[in-house]
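What follows is a set of notes on a single structure, which appears directly below.
We did not get these values from a lab; they are worked out from the coordinates using the rules stated. Note that this is a predicted model, so its numbers are computed, not measured. So basically every Cβ, Gly included, is an ideal-geometry build from the backbone, and we count neighbours across all protein chains shown.
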Amino acid sequence: METTTEDANESGVLLLVSSSGGHLAQLLALRPWYERWRRCWITFDTPEAVSLLAGEDLIRAYHPTTRNLPNLLRNAVLAWRVLRSRRVAAVVTTGAGVAVPFVVLAWLQRVPTVYIEVYDRIDTPTLTARLCRPFLSAMLVQWDEQRRQYPEATVVGTLL
């Protein structure tokens, strides 16, 4: 049975989480899949991201996230607030660090979590994927070779 827009909207909001740049570009490439859903984007407040997501429900996350404990804590509080204030159907992310608190807190609330490993990490897993992996409902990869790191993953092909 195919999900209609009405069914999707009754199910809650799709939370699309990523850092800006290439991670965001890979999520944007999924538009034919997510366009029927009510959605909310979590990404950084960069001119490019704001421009690409004009007209979308956008919540600005704190950055930088790499090795930045204060911003990790800020994003954890942000994730808690978003997950408590919205009826989230699922969290879908391509990383990077901003994804970790959203995935972990969604998992704790039994919200499905999906991680799509980025296309340019073929031989080694990303740190974010390693951190999120125990909390995922589904792990998706873009290359068959990535299954060496993630044998449980589903290969979806390249997004870009």
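Label the range 49-131 by shape, choosing from rounded, prolate and oblate, from the square roots a ≥ b ≥ c of the eigenvalues of the Cα gyration tensor; if a/c is under 1.5 it is rounded, and otherwise prolate applies when a/b is larger than b/c, oblate when it is not. It is rounded, given that a/c, with a ≥ b ≥ c, falls under 1.5. Measuring between their Cα centroids, the range 26-82 and the range 98-143 lie 15 Å from each other. Towards the positive end of the charge dipole of the range 5-155, with charges on Cβ (+1 Lys, Arg; -1 Asp, Glu), say which of ALA29, LEU73, ALA129 has the farthest Cα. Farthest along the dipole direction, towards plus: LEU73. Close amide H partners of ARG38, meaning residues 5 or more places away or on another chain with modelled amide H under 5 Å apart, are ASN9, LEU14.
Panel order for ASP123, ASP57, by other beta carbons found within 10 Å of each beta carbon, from fewest to most: ASP123, ASP57. Among PRO64, PRO125, PRO47, the largest mean-square fluctuation in a Gaussian network model of the chain (Cα springs under 10 Å) belongs to PRO47. Here the relative contact order of the chain, from alpha carbon pairs under 8 Å that lie six or more residues apart, stands at 21 percent.
Of the residues VAL17, LEU105, VAL155, the one whose Cα sits farthest toward the positive end of the charge dipole of the chain, with +1 on the Cβ of Lys and Arg and -1 on the Cβ of Asp and Glu, is LEU105. Going by neighbour counts of Cβ atoms within 10 Å, the residues VAL100, VAL17, VAL141, VAL50 line up, fewest first, as VAL50, VAL100, VAL141, VAL17. Rounded to the nearest 20, the Cβ-based charge dipole of the range 1-108 about its Cα centre (Lys and Arg +1, Asp and Glu -1) stands at 460 debye. Fewest-first ordering of TRP80, TRP37 by other beta carbons within 10 Å of each residue's beta carbon gives TRP80, TRP37. Per Stokes-Einstein, at 10 °C and 1.306 mPa s, what whole-number D in µm² s⁻¹ belongs to the range 1-152, with the Kirkwood radius over Cα pairs as the hydrodynamic radius? It comes out at roughly 102 µm²/s.
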